[in-house]
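The values are calculated or read from the model by the stated rules, or taken from the named source; none is laboratory data. Quantities reported herein were computed from a predicted structural model and do not represent experimental measurements. All Cβ positions, glycine included, derive from the backbone under ideal geometry; neighbour counts span all protein chains shown.
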Amino acid sequence: MRGFLIFLFLGLLFYSYGENGYREYLDEFQEFKEEELKAYQQYYKEVMKEFEEYKRITYEEFEKYKKEISKYWKEAEVSTKKKWVEYSEDYKIKKAVDFEKGEIKVEIRDIKKPSKKVLAKILMDLITEDTKKAFERDKLSQRIEKRITKKAKHLKKGKVKPKPILLNVVVDKKRPDPEDISRAVVSLLKSGKIVEKPSKLKGEKVYSFKVKLPPKRFIRKAREYKPVVEQYSKKYKLDHALIFAIIHTESSFNPLARSPVPAYGLMQIVPSTAGKDATRLIYGKPVLLAPSYLYDEEKNIMVGTTYIYILYYDYLKGIKHPLSRLYCTIAAYNTGAGNVARAFTGTTNIKRAVRIINRMSPSEVYDTLIRKLPYDETKNYLRKVTKRIVIYNRI
């Protein structure tokens with residue numbers, strides 16, 4: 001039908017303008033298309049150059065930040081995919097939350113052992129801190145954001161909303177009151193103990209306090225993100241359990257997850273890969289995503305889910321069996337569709353890989369990925385996500 005309408009439209013043009021006018025129109029249309037293509041190619045070239053600049057700035061700021069920390073601490077501990085690390089302005093206090101291990105660690109550099117009152121104040125600040133405040137305190141992200149804003153024309157920034165980081169994990173209540181929070185702090189103080197360690201600086205010690213987070217932390221965080229996950233999983237016709245399993249495996253529900261790749265947030269969005277492909281669909285063209293954009297939990301889940309949709313319904317759409325396609329999509333989220341193709345063909349040719357995959361059963365596809373994916377990290381990633389899908393389907 002569409003072809004017939006185009007044919008009819010061109011026929012009417014020919015009839016209206018005559019042969020010469022018709023040819024002029026086609027020439028103008030062709031010229032317009034070529035100009036549009038050139039403009040897009042120029043835009044794409046600029047964006048890719050800015051992606052490279054983004055990576056360079058991130059690397060430089062990571063190194064600079066670690067050197068600063070090293071002046072005061074033996075280990076330059078920074079935030080990772082599954083650990084949130086925050087220092088006080090003077091670097092005397094270090095707070096670290098390991099979301100994967102389920103552990104809070106507070107370390108204080110001082111000449112004497114801190115009182116329970118001092119430690120309680122630090123714990124209170126930690127468990128009531130929200131993502132907005134954490135982002136404002138995050139020297140590394142602030143520096144990266146400032147520099148990339150000056151360098152990049154094609155940058156999307158955001159406003160990090162004040163969402164709880166630990167409060168709903170430590171206090172299993174939707175709207176905890178001050179008494180609930182005080183009781184939680186007292187409970188944490190009773191559960192841990194202070195250990196004295198040597199400091200890098202003379203005349204002081206490091207006083208370290210460790211305590212475990214509640215064992216149901218993943219369920220509580222999943223419950224918190226459920227509305228957003230369901231919104232985008234429905235929009236893109238994806239299983240909500242898949243989104244939860246990927247969030248769990250990528251960041252262990254750490255909303256401040258970060259790696260020097262660079263990658264940010266719950267679904268560990270890499271601006272130059274997942275971010276580039278997802279924004280092309282969301283905004284009609286690829287754009288850079290600033291840390292402030294990707295630390296907005298809803299935007300992070302939106303971009304991550306969009307990228308999964310692209311992998312499943314576009315890059316790997318030729319794979320007929322939905323389970324085979326799911327296994328390949330999970331692996332591709334971690335390593336890219338080209339590396340998934342390598343497991344079946346030894347090359348990055350996706351079309352060739354699809355033909356081979358379609359001759360296999362889902363279990364054969366899974367086994368081949370586990371045996372032949374280029375990286376052990378991706379093999380383990382596939383194992384973890386597939387197991388966690390089953391768990392989140394039960395919850």
- Note on the structure: Of the residues in segment 69-87, those that are touching a residue at least 40 places away in the same chain (Cβ under 8 Å), closer than 18 Å to residue 202 by Cα and surrounded by 14 or more Cβ atoms within 10 Å (Cβ to Cβ) number 2
- Task: Among the residues of segment 195-218, write down those that are touching a helix residue (DSSP H, G or I) at 6+ places or on another chain (Cβ under 9 Å), surrounded by fewer than 16 Cβ atoms within 10 Å (Cβ to Cβ) and within 27 Å of residue 76 (Cα to Cα).
- Result: 200, 212
- For residue 90, all conditions in the list (1) charged (D, E, K, R); (2) modelled with pLDDT of 95 or more; (3) surrounded by 15 or more Cβ atoms within 10 Å (Cβ to Cβ) hold save one; what is the number of the exception? (3)
- Message: Would you confirm, using the coordinates I've provided, whether residue 163 is in contact (Cβ under 8 Å) with a residue 40 or more places away in the chain, in contact with a strand residue (DSSP E or B) (Cβ under 9 Å, 6 or more places away or on another chain) and at negative phi?
- Response: yes
- Task: Return yes when residue 286 is of a type outside the set (Val, Ile, Thr), modelled with pLDDT under 95 and touching a Leu at 6+ places or on another chain (Cβ under 8 Å) and no when it is not.
- Result: no
- Which of the following residues is without any contact (Cβ under 8 Å) to a residue 24 or more places away in the chain, within 30 Å of residue 149 (Cβ to Cβ) and among the small types (Gly, Ala, Ser): 284, 338? 284
- Message: Yes or no: segment 148-161 includes at least one residue that is crowded, with 19+ Cβ neighbours inside 10 Å, in contact with a Ser or Thr (Cβ under 6 Å, 6 or more places away or on another chain), within 28 Å of residue 219 (Cβ to Cβ) and among the β-branched types (Val, Ile, Thr).
- Response: yes
- Go through (1) closer than 26 Å to residue 295 by Cα; (2) touching a residue at least 12 places away in the same chain (Cβ under 8 Å) and name the single condition residue 49 misses. (2)
- Selected residue [touching a helix residue (DSSP H, G or I) at 6+ places or on another chain (Cβ under 9 Å), of a type in the set (S, T, N, Q) and over 30 Å from residue 216 (Cα atoms)] from 334, 358: 358
- Query: Residues in segment 99-106: is at least one more than 23 Å from residue 191 (Cβ to Cβ) and surrounded by fewer than 16 Cβ atoms within 10 Å (Cβ to Cβ)?
  - Reply: no
- Message: Any residue at all in segment 129-140 that's in contact with an Asp or Glu (Cβ under 7 Å, 6 or more places away or on another chain) and among the aliphatic types (A, V, I, L, M)?
- Response: yes
- (1) touching a Leu at 6+ places or on another chain (Cβ under 7 Å); (2) under 29 Å from residue 150 (Cα atoms) all hold for residue 95 apart from (2)
